[in-house]
Amino acid sequence: MKQLENSLLKFIQAMDEYPKEEAPVKKIDRVRYMPKLAELYVDEKIYLSRELIFFYQHCEIICKIRPDGYQLDCTDIDLGNSPLYLYPADKLVRRQEGFRWIGNEKRENPNWDPNWLVVADKDDDPIVVVTNEENSPVFASYETSPLFPIADSFSAFLDALAVTLEIIHEKFKGEIMDEETFDIYDDFIDMLKTSLSSILKKEEYADNFIDYLYG
């Protein structure tokens, strides 16, 4: 678990550091490292892999609070165009609705493996951890389309998020889109792909990761 711990620390450091204080909007929600094991509150229908147990025991996800005082089920990660939403352990069961459980009666989806766990999403497109495979590989999907791989381990997924945040906010100062066309800058995509290809090991994973976030 040492590699996962290192990845978690890098991810939390990136979340705490970016965006910087001089950014127009200051983040009020974040994640926090917990050196002591936290007690997990997870619905009995949810299966967590070893990697996810470690993650949720050491990473406190502080949910976002709206101006009206309502607390959301997630925190958001600033990706420069639209946020990625990350869910704490006790909110995971609700986030499976529409994927593992469907319809008003919340029946089991026959096309959804119970070991596929939605842990995050962007524009309602899920990020899924396969909890019964070694190292907890990570996939993504566009709504209900087939899953595609973006990382061969949850550790690599955290590393990819951390370097993405660093490039967005350190190299591009949070501005990765043309103000008139709203197109993502080519040099940002090129720099991100170079870094992700090294982290994720496969060009396919890097391409899929970028397409999911910025396609």
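The values are calculated or read from the model by the stated rules, or taken from the named source; none is laboratory data. Fair warning: this is a prediction, and the values are worked out from it, not measured in the lab. Virtual Cβ from ideal backbone geometry, glycine too; neighbours counted across all protein chains shown. Accessible surface areas use protein heavy atoms only, side chains included; no ligands, DNA or RNA. Shrake-Rupley method; radii C 1.70, N 1.55, O 1.52, S 1.80 Å.
Among the chymotrypsin sites (Phe, Trp or Tyr not before Pro) in segment 147-215, those located in a DSSP loop and surrounded by at most 16 other Cβ atoms within 10 Å of their own Cβ are 172, 182, 185.
Rg over Rh for segment 1-116 works out to 1.00, both radii taken from alpha-carbon positions and Rh defined as the Kirkwood radius.
Here the relative contact order of segment 79-195, from alpha carbon pairs under 8 Å that lie six or more residues apart, stands at 18 percent. Sorting 181, 144 by solvent-accessible area of protein heavy atoms yields 144, 181, largest first, with a 1.4 Å probe.
You can think of it this way: the chain between residue 178 and residue 90 has 27.8 nm of extra reach, that is 0.36 nm per residue less the Cα-Cα gap. P(r) for segment 102-156, from all Cα pairs and a bin width of 10 Å, is 25, 53, 20, 2 %, short bins first. Taking the square roots of 5 times each eigenvalue of the Cα gyration tensor of the chain, largest first, gives ellipsoid semi-axes of 26, 20, 19 Å. Ranking 60, 175 from most to least accessible surface, computed with a 1.4 Å probe over the protein chains only, gives 175, 60. The residues of the chain expose on average 54 square angstrom of accessible surface per residue, using a 1.4 Å probe on protein heavy atoms. The convex hull around the C-alpha trace of segment 53-135, projected and averaged over every direction, spans 7.1 square nanometres. Applying the Kirkwood pairwise sum to the alpha-carbon positions of segment 135-202 produces a hydrodynamic radius of 13.2 angstrom.
Within segment 49-112, none of the trypsin sites (Lys or Arg not before Pro) combine a DSSP coil assignment with at most 10 other C-beta atoms in a 10 angstrom radius. Amide H to amide H, with H built 1.01 Å from N, residue 125 comes under 5 Å of 143, counting only residues 5 or more places away or on other chains.
For segment 73-197, the Kirkwood radius over C-alpha pairs fed into Stokes-Einstein at 4 °C and 1.567 mPa s yields D = 82 µm² per second. Here is how the number arises for the chain: DSSP H runs of 4 or more residues each give -39500 (n - 2.57), the sum is divided by the residue count, and the result at 222 nm is -10000 deg cm²/dmol. On a C-alpha basis, how far is the centre of segment 29-73 from the centre of segment 142-180 in Å? Whole number, if you could? If you average the Cα positions of each part, the centres end up 21 Å apart.
Here the accessible area is traced with a 1.4 Å probe on the protein chains. For the chain, carbon and sulfur cover 48 percent of it.
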